[in-house]
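The values are calculated or read from the model by the stated rules, or taken from the named source; none is laboratory data. This is a predicted model, so every value here is computed, not measured. Don't worry about glycine lacking a Cβ; one is built from the backbone with ideal geometry, like all the others, and counts go over all protein chains shown.
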Amino acid sequence: MKKKLMSAVLAMSLVGSLLAGCGSSASTDSAANTDTATTTEKAEEAAPAETTAAEAAEEATDAEPVTLKWAIWDKETTAYWDALAEAYQAANPNVTIEMVDLGSTDYMTVLATELSGDGSDFDVVTIKDVPGYATLVQKNAILPLDDYIAADGVDLDMYAGATDQVTVDGSLYELPFRNDFWVLFYNKDLFDAAGVAYPTNDMTFDEYDALARELTDTTFGSQVYGSHYHTWRSTVQLLAVLDGQHSVLDGEYEFMKPYYEMVLNQEADGVCRKYTDLKTEGLHYSAAFSGGDVAMMNMGSWFISTMMTNLQSGEYDSSLCGNWGIVKYPHADGVEAGSTLGTITGLSVTTACDTPDAAWEFVKWVSGENGAAVMAKTGNFPAVMNSEVQDLIAGLEGFPTDAESKEALNVSNLYLELPYDANCAEINSVLDTYHGSIMSGEMSIDDGIAAMNTEVQAIINK
Amino acid sequence: MADQASAVTKKKGLSRQTKRDLVAYSFIAPNFIGFAVFTLIPIVFAFALAFLNWDGSNPITFAGFDNFKQLFSDTFFKAALKNTIIYCVGTVPLTMIASLALAIVLNQKVIGRGVFRTLSFFPYVASLVAVTAVWKMLFHPSKGPINNILYTYFKVPLEELPQWFSGGLVLLSMVLFSVWKYMGYYMVIYLAGLQGISSELYEAASLDGAGTWAKFRYITWPQLQSTTFFVVVMLTINCFKVYDIAIMLAGGGSGELTTSATVLVYYIYQKAFMEWKLGYSSAVAMVLFVLVFVVTMIQFRGQKKYAE
């Protein structure tokens, strides 16, 4: 009997091990500390670290060789990492940039884990999203850059207000080098076939809605969807913040109602694909647009380079989507055209960095005009936008040749998809959850918005 | 004297039994050290963590029972708990019944028994990702054959076609899926149990004029008691741990679950690694642990009583 009980207890502890998965990987650090082998290893690691710290002090004066370890993702499929590193190394021969690819899927989670504890040796890290940025700031894993910015006189105005939205208690911990803003992609062939004039750079949401309906054809076999909304909450919820008076951090979300109504009505009338279908199929927006039956789609500017590359390589059928263009986002009544959403990708210097000055030089260079030129040449959108950069991008092969498309690159107001807030990761997941509930019809728009209000206010007032 | 004494103790310390033990320990050590470092210590730490606040980097602060108190007012935790329990209550008995029925049928001498056994076991072998993709096609809300049949032959209006992967039906889809996927595995376990029952018992029962039902009721079922206990415990544990099925069926491309499909393990992951509230998520994990522990203990007790 005793044996039986023992085996039951052992079985339970095994169950526990399976369940306690979350605690376990988080605690490996402290667990490892008890391991003597690791402690000695750490001591060995610490010794050279001290010497490099001493070297770092000298480095400010002469150009001694420095190696910067840089956290990135998707090195193979993203053109600009290598381009930026090579250009910087060419300009600064004493610096070696060592890139570490953490993969894009869980990049910020992996990075936060890497920077937890004191075993990290990254010098510069790429910041993929704002919740991840908030995490790193709260973990004290990255350095405030204010002193450097002041000392080197970096003009933050060139980032069109984006940096203000990621300032934490008056301090800035990252500088953006890439900025993707949202535009409206459209398929010119579908407009021509329907005999409808192309969308313009100055449309209100009502005009946009009417245009989408005009293009829609629900005939079986030759369907045309006037619009397409990917399953992200950004595609619907964030249309509402473009008036500049509301923010997703407000805790009051009634202002989103008209936009949910517009999209759900479009869905009901067959103007766009159904959210539940998209969710079940996992249909990627690029597949939807390149399939040639979507007339208009709101998406980030990163899709511009995807379109250009894949049309050139023949991966997308140019008879289906080869004739495309972009225009500025539609806007609410009485709001300036060109207000749009943006997502910045930034660079930060880690607190664990032994050569913060050298790391800062790299961050400043990449996020400044030098880096911007490199970015633009690879067809990506740098955070520093000026007419030169616009000309560069619009002049790339495969970019739509009409004047409207080039003009669409002019952004008047940029609102980040998620501005910084200490609780933005939590708020983000609440908004994501109820966006799903509203779009899949689990909740009415009113109920969903009421639930967002309650839950987000609970987070804010905690 | 003193030397002698120490020599004695030395000898005692290295007695044959101790030596034998040391050899045994040295064989166990590699595995046990791994288990201790990667499983045992983290489990103990997770217990402690439930009473602390920690984000993985900043100093740990003491939270007392705050994490547990917060659970009561947490909408998402309550939804996850409710969904997990509903999923378990649906899956455990259904899988057990289905696998037992399959085992009994396929234990008889039917033609093509081997083929059918393999077929029933196949879903268990197939990759979860692949078969969820197939299920998603079959149950696709507008293009799937299931809804097409409902629309064409049962005249269900277009707007009323069931949304299998959202709202109230998503848990049902999850239950059906896991019954289908795992019944083959438990069928094999039941088959082994069935083959362990002596055929003399059935012969004796036949002589006494027992029918099929009576044989099942008085021979098969009691004889399978320990198998059933094992099956139910494993099923319960696996059900409470559910994560992959929910993510694959209801998560869509981005792997986000709404309140109608969220489960405890998903919530633990979200709290721990998306929001870095390791203390709070450990508290949720403790709730899960206690749940599984209590359910298993009840079954354990019940089985013991039955055996006596």
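If you check A:Val363, A:Val335, A:Val349 for being among the aliphatic types (A, V, I, L, M), surrounded by fewer than 20 Cβ atoms within 10 Å (Cβ to Cβ) and within 21 Å of A:Gln165 (Cβ to Cβ), only one passes: A:Val335.
Checking the conditions here, which among B:Trp180, B:Trp164 is touching a residue at least 24 places away in the same chain (Cβ under 8 Å) and assigned to a loop (DSSP other than H, G, I, E, B)?
Working: B:Trp180 fails: assigned to a loop (DSSP other than H, G, I, E, B).
Answer to the selection: B:Trp164.
The residue that is surrounded by the most Cβ atoms within 10 Å (Cβ to Cβ), counting only those in the range A:111-137 that are at the interface with another protein chain (Cβ under 10 Å from one of its Cβ atoms) and out of contact with any strand residue (DSSP E or B) (no Cβ under 9 Å at 6 or more places or on another chain), is A:Thr135. Of all residues in the range A:285-302, which are more than 18 Å from A:Ala193 (Cα to Cα), under 19 Å from the mean Cα position of the chain (by Cα), crowded, with 19+ Cβ neighbours inside 10 Å and hydrophobic (A, V, I, L, M, F, W, C)? If the condition is that a residue be more than 18 Å from A:Ala193 (Cα to Cα), under 19 Å from the mean Cα position of the chain (by Cα), crowded, with 19+ Cβ neighbours inside 10 Å and hydrophobic (A, V, I, L, M, F, W, C), then A:Met299 is the only one that fits. Among the candidates A:Ala150, A:Ala162, A:Ala112, the residue that is modelled with pLDDT under 90 and over 16 Å from B:Asp55 (Cα atoms) is uniquely A:Ala162. Here B:Leu158 meets the list (1) of a type in the set (A, V, I, L, M); (2) modelled with pLDDT under 85; (3) surrounded by 18 or more Cβ atoms within 10 Å (Cβ to Cβ) almost entirely, failing just condition (3). Taken together, B:Tyr243, B:Tyr267 contain a single residue that is modelled with pLDDT of 90 or more, surrounded by fewer than 20 Cβ atoms within 10 Å (Cβ to Cβ) and in the same structural domain as B:Ile85 (by TED's automatic domain parsing), which is B:Tyr243.
In the condition set (1) within 23 Å of A:Asp432 (Cβ to Cβ); (2) buried (at least 19 other Cβ atoms within 10 Å of the Cβ), A:Gly282 is compliant with all but (2). Looking at the structure I just gave you, is B:Ser282 within 8 Å of chain A (Cβ to nearest Cβ), of a type in the set (S, T, N, Q) and within 24 Å of A:Met108 (Cβ to Cβ)? So B:Ser282 fits the description; yes. The criterion of at least 2 residues that are touching a helix residue (DSSP H, G or I) at 6+ places or on another chain (Cβ under 7 Å), aliphatic (A, V, I, L, M) and modelled with pLDDT of 90 or more is met, among helices (runs of 4 or more DSSP H) falling completely within the range A:276-367, by A:356-367. Of a type outside the set (Lys, Arg), within 14 Å of chain B (Cβ to nearest Cβ), within 24 Å of A:Asp192 (Cβ to Cβ) and touching a Ser or Thr at 6+ places or on another chain (Cβ under 6 Å), is that true of A:Gly325? Spelling it out, it is not the case that A:Gly325 is of a type outside the set (Lys, Arg), within 14 Å of chain B (Cβ to nearest Cβ), within 24 Å of A:Asp192 (Cβ to Cβ) and touching a Ser or Thr at 6+ places or on another chain (Cβ under 6 Å).
Taking the range A:113-158 as the range and being in contact with a helix residue (DSSP H, G or I) (Cβ under 9 Å, 6 or more places away or on another chain) and among the polar types (S, T, N, Q) as the test, the residues that pass are A:Thr113, A:Ser116, A:Ser120, A:Thr126, A:Thr135.
B:Asn147 fulfils the conditions (1) buried (at least 20 other Cβ atoms within 10 Å of the Cβ); (2) under 25 Å from B:Thr228 (Cα atoms) except for a single criterion, (2). Within the range A:336-365, if we keep just the residues that are over 16 Å from A:Asn94 (Cβ atoms) and of a type in the set (Gly, Ala, Ser), the residue that is farthest from the chain's Cα centre (by Cα) turns out to be A:Ala352.
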